[in-house]
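Here is the structure we will look at, set down as structure tokens.
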Amino acid sequence: MEFNFKGKKALVTGGGSGLGRECALLFAKSGADVLIADLLPERCEKVAAEVRALGVESIAYPVDVTNYDQVAAMYKKIVDEWGTVDFVVNSAGVCLTEELTTQKLSDINLSIDVNIKGTIYSCREALAIMRPKKFGKIVNMSSIAAKSCLGGFSVYSATKAAVLAATASLGREAALDNVTVNCICPGIIKTSMWEEILDQLAGSDPAKRDEVWKEWTKGIPNGKPQDPIDIAYMTIFLCTEEARYITSQNIGVDGGYTF
Ligand SMILES: NC(=O)c1ccc[n+]([C@@H]2O[C@H](COP(=O)([O-])OP(=O)(O)OC[C@H]3O[C@@H](n4cnc5c(N)ncnc54)[C@H](O)[C@@H]3O)[C@@H](O)[C@H]2O)c1
């Protein structure tokens, strides 16, 4: 697939790793300049360098998406540097699994803060720029967990269902302004997030990790976990003119796991 986003400006939260990184690289290959936003400065710098190596501009921007003032300052930065923002991918997220009665309150609150508040803060700032100029595309990362809701994932599932619901509502709010808001529900992808889930479910024993991974992935109807690029392709497609009628949607990229 080839896309021409030359001159367009993209911002990717969670851009320092996994799905966000892959989206940033595909934006760059398509000609867009990309601001890489992530909690970890070294991840921002590394991915920004990878983006620049593809011949476009990049800003490495360390940010904590749970802090509204930091999110607002990030949008001020992209407007000051590049004049605007056209595409936003909200991929920053955490997945902390545990049965609710034993889950730490700090983990519950962090999940809500990053996954819900972080996404909503970013959408708020993005829409304030996109709606007046009558152009913009926002793609949020929800999850199959928003629909499959397995035991041990109650808080994560709730946060991802919130992303799905907020996306649907925001797409409608912005529809008359030629701004689309959609979310993707990725399935199972072996990013650093899944390595951390395996830490939580299986500890460090390689055999146990392997067993848990096989158990989780055997339910995927097409038999394969996805690669980050599968999510990036859908994200970038949603940013094209061809996707102009698609808004308020949640789109599973999960090999048929959910429907
Ligand atoms: N990997 C999967 O199987 C999968 C499946 C469904 C949904 N998702 C969702 O996709 C998104 C990306 O996941 P991933 O697999 O790429 O994970 P990842 O851990 O590889 O990347 C997430 C990034 O978010 C950043 N981040 C975390 N808290 C932050 C904060 N407060 N402020 C700014 N950045 C922060 C992390 O530093 C990390 O670089 C997440 O929202 C996740 O819930 C992933």
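When each of G219, G152, G256 is tested for being surrounded by fewer than 19 Cβ atoms within 10 Å (Cβ to Cβ), touching a Pro at 6+ places or on another chain (Cβ under 8 Å) and not in a strand (DSSP E or B), the lone residue that passes is G256. How do the pairs read when you match residues in the stretch 81-98 that are free of Cβ contacts under 8 Å to residues at least 60 places away in the same chain with residues anywhere that are part of a strand (DSSP E or B), using Cβ under 7 Å and keeping only pairs 6 or more apart or on different chains? As it stands, the answer is E81/I59, since those pairs meet every condition given. A53 - would you say it is within 23 Å of E42 (Cβ to Cβ), modelled with pLDDT of 95 or more, out of contact with any Leu (no Cβ under 8 Å at 6 or more places or on another chain) and in the same structural domain as T159 (by TED's automatic domain parsing)? In short, yes. The stretch 1-116 holds helices (runs of 4 or more DSSP H) entirely within its bounds, and those carrying 2 or more residues that are over 15 Å from the mean Cα position of the chain (by Cα) and surrounded by fewer than 22 Cβ atoms within 10 Å (Cβ to Cβ) map to 41-52, 68-82, 105-111.
The residues in the stretch 157-196 that are within 14 Å of the chain's Cα centre (by Cα) and assigned to a strand (DSSP E or B) can be counted, and the count is 7.
In the condition set (1) within 23 Å of G187 (Cα to Cα); (2) of a type outside the set (S, T, Y); (3) touching a strand residue (DSSP E or B) at 6+ places or on another chain (Cβ under 6 Å), V34 is compliant with all but (1).
Looking only at the stretch 131-174, residues that are among the basic types (K, R) and within 15 Å of I197 (Cβ to Cβ) come to 1 in all.
Name the one entry in A48, A37 that is closer than 12 Å to A92 by Cβ, within 15 Å of the ligand (Cβ to nearest atom) and hydrophobic (A, V, I, L, M, F, W, C).
A37
Hey, does the stretch 169-177 have a residue that's within 12 Å of the ligand (Cβ to nearest atom) and touching a residue at least 12 places away in the same chain (Cβ under 8 Å)? No, the stretch 169-177 contains no residue that is within 12 Å of the ligand (Cβ to nearest atom) and touching a residue at least 12 places away in the same chain (Cβ under 8 Å).
The values are calculated or read from the model by the stated rules, or taken from the named source; none is laboratory data. For clarity, every value in this text was computed on a predicted model and none was experimentally measured. Glycine also receives a Cβ, built like all others from the backbone with ideal geometry; neighbour counts cover every protein chain displayed.
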